[in-house]
Amino acid sequence: MKKFLLIIPTLLLFGCQSNIVNLDAVWEKENRELFNKIGVREYTNLTKEQAVNAMVIAFQRLDIVIDSSDYKAGIMAGSATAPKPLTYEEFESVKTVEDSRARQYVPLLVWRLTGFDSKFNVVFLDIPNGVQVSLRAKLNYRGANDIIPISNFPPKASEIAIRKIWNEFEKVEFIQRATLKKR
C-alpha cells in the first residue's frame, strides 16, 4: 500500500511537469510571433551607436540592468528581477488575461515569479539610412533544478514589456535627436 501512495505523487509531479513544458511551448510560439510582429522596428537617420545608447538609457529607466553591450557588433543584453519591467499592477492584469488559458495546461498553476529573472536581448542592424532594432526576451529560473520551470513570458506580459521598452526607447531617441540637432 505504501508503494502505491508513493507512485501517485510521482505521477502527478511528472504529469504536471509535462503540462508545464506544453504550456511553455505554447507561450514560446506565441511570443516568437509577437516579437516578430511588434518587437522589430526600423528607425531612419539614426546610427547603430545612437540606437544602442538610447536603448541603454531606456533599459536603465525600466530597472533593467545592462549585462553586456557592444554598439560595433550591434548587440545588447539586460536582465531584471521578474516581473520587471512590468509593475505589480501590470503583472496582475497579465494573470487576469492568461490565467484561464494557462490552467488548461496546468490546472494547479500558482502564479509566482520568485526566483526568475527577465532576460532581454536586443540586436541592432544597419539598414539603408538607419537602423533596425529587434527585441527578444525569456525568463531565467535561478532556483533549484528539481523542477522544470517556465522559460517564456506569458504572451500578455511580453506584449506589455515590448510596448514599455519601445516607449522608453523612443522618448530617449527623440531627446537625443533634439539635442544633436541643436549642436
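The figures follow:
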| quantity | calculated |
| --- | --- |
| Qualifying positions in the range 98-126 - among the basic types (Lys, Arg) and either open to solvent by 80 Å² or more (accessible area, probe 1.4 Å) or touching a His at 6+ places or on another chain (Cβ under 9 Å) (or both) | ARG103, ARG112 |
| When residues of the range 157-183 are limited to those that are of a type in the set (D, E, K, R), in a helix (DSSP H, G or I) and open to solvent by 60 Å² or more (accessible area, probe 1.4 Å), the one modelled with the lowest pLDDT | LYS182 |
| Any hit, the range 127-141, residues being touching a strand residue (DSSP E or B) at 6+ places or on another chain (Cβ under 8 Å), surrounded by fewer than 20 Cβ atoms within 10 Å (Cβ to Cβ) and charged (D, E, K, R) | yes |
| Some residue of the range 25-39 being at pLDDT below 95, open to solvent by 60 Å² or more (accessible area, probe 1.4 Å) and not basic (Lys, Arg) | no |
| Scan of the range 40-74 for residues that are open to solvent by less than 60 Å² (accessible area, probe 1.4 Å), touching a Gly at 6+ places or on another chain (Cβ under 8 Å) and either without any contact (Cβ under 8 Å) to a residue 40 or more places away in the chain or within 22 Å of ILE150 (Cβ to Cβ) (or both), ordered by number | ILE64, ILE66 |
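The values are calculated or read from the model by the stated rules, or taken from the named source; none is laboratory data. This structure is a prediction, so every number in the text was calculated from the model and none was measured. Heads up, the Cβs are rebuilt from the backbone with ideal geometry, glycines too, and the neighbour counts pull from every protein chain shown. What goes into the accessible areas is simple: the full protein's heavy atoms, side chains included, and nothing from ligands, DNA or RNA. Shrake-Rupley method; radii C 1.70, N 1.55, O 1.52, S 1.80 Å.
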